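Here is the structure we will look at.
The values are calculated or read from the model by the stated rules, or taken from the named source; none is laboratory data. Because the structure is predicted, anything quoted here is derived from the model rather than measured. Positions of Cβ are generated from backbone atoms using ideal geometry, with glycine treated the same way; all protein chains shown enter the neighbour counts.
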Amino acid sequence: MELEQAINERRSIRGFTKDPVSQETLQEIIALANRAPSSMNTQPWHLHVLTGAPLEQVRRGNTERMLDGTPPSRDIEDYAAYEGEHRARQIEIAVQLFEAMGIERHDKERRQDWVMRGFRQFDAPVSIVVCFDRSLLDNTIAHFDTGAMTYGLVLAAWSKGLGAVINGQGIMQSPVVREIANIPEDQIILTCVALGWPDEDFVANSVVSRRRALENTTRFLGFED
């Protein structure tokens with residue numbers, strides 16, 4: 001797949017088949033993502049790839065805690081609520097997804113089920129827990145660098161026919177993830193990526209989020225008309 005095609009066609013996948021993903025394929029994807037740039041080549045990221053029994057344990061732990069009303073517990077400071085145009089775009093994608101799934105605004109049960117799918121890592125066969133070195137917690141560039149690698153990860157997966165979604169819900173109960181995955185204390189859990197073979201019958205997988213027009217995001221200075 002050409003790079004331009006992969007960038008244009010990639011979208012977040014939230015429904016997966018139960019087919020496993022081989023370790024060999026995952027190694028190929030991660031090797032590509034590992035080519036991401038980082039400040040002064042610091043490469044601060046660490047990946048923990050879960051499948052099978054460990055991933056099922058994480059799913060259960062996340063679900064039980066959320067249903068019990070346990071407050072979210074993340075290694076990084078939780079982001080503030082979005083406002084203005086950012087909140088509008090957040091609502092827009094939620095509406096697109098709910099419309100695709102046929103979830104009505106008043107249907108609290110199905111809306112709740114959708115939320116819980118996120119905590120279950122969308123029932124994907126693989127979850128990649130993305131971390132970076134704790135010594136760089138106050139270094140915002142390390143967050144940026146790890147994010148660049150994570151985009152490379154989902155793009156590389158797409159180029160090989162796999163789907164993925166970057167999923168902060170999957171690590172909202174980070175102590176569960178850390179214990180089950182045996183993640184060292186000197187690593188900060190940033191996010192996770194749910195990954196697998198896309199389920200073509202899962203209608204939300206057809207949703208493509210809208211993008212802002214170039215003139216709303218970019219300025220060109222010093223160019224001739």
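Kindly establish whether Glu215 is among the charged types (D, E, K, R), modelled with pLDDT of 95 or more and over 29 Å from Glu28 (Cβ atoms).
Details: among the charged types (D, E, K, R): yes; modelled with pLDDT of 95 or more: no; over 29 Å from Glu28 (Cβ atoms): yes.
No: the conditions fail for Glu215.
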Per-region count, the stretch 100-158, residues under 18 Å from Phe202 (Cα atoms) and β-branched (Val, Ile, Thr): 3
Residues that are among the aliphatic types (A, V, I, L, M), modelled with pLDDT of 95 or more and exposed (fewer than 15 other Cβ atoms within 10 Å of the Cβ), drawn from the stretch 39-76: Met40, Ala53
Which residue pairs have Cβ atoms under 8 Å apart, sit 6 or more places apart or on different chains, and have a first residue in the stretch 100-129 that is without any contact (Cβ under 8 Å) to a residue 40 or more places away in the chain and a second that is part of a loop (DSSP other than H, G, I, E, B)? Arg110/Ile103; Arg110/Glu104; Arg111/Ile103; Trp114/Ile103
I'm told Ala36 meets every condition in (1) modelled with pLDDT of 95 or more; (2) in a helix (DSSP H, G or I); (3) surrounded by 15 or more Cβ atoms within 10 Å (Cβ to Cβ) except one. Can you identify the failing condition by its number? (2)
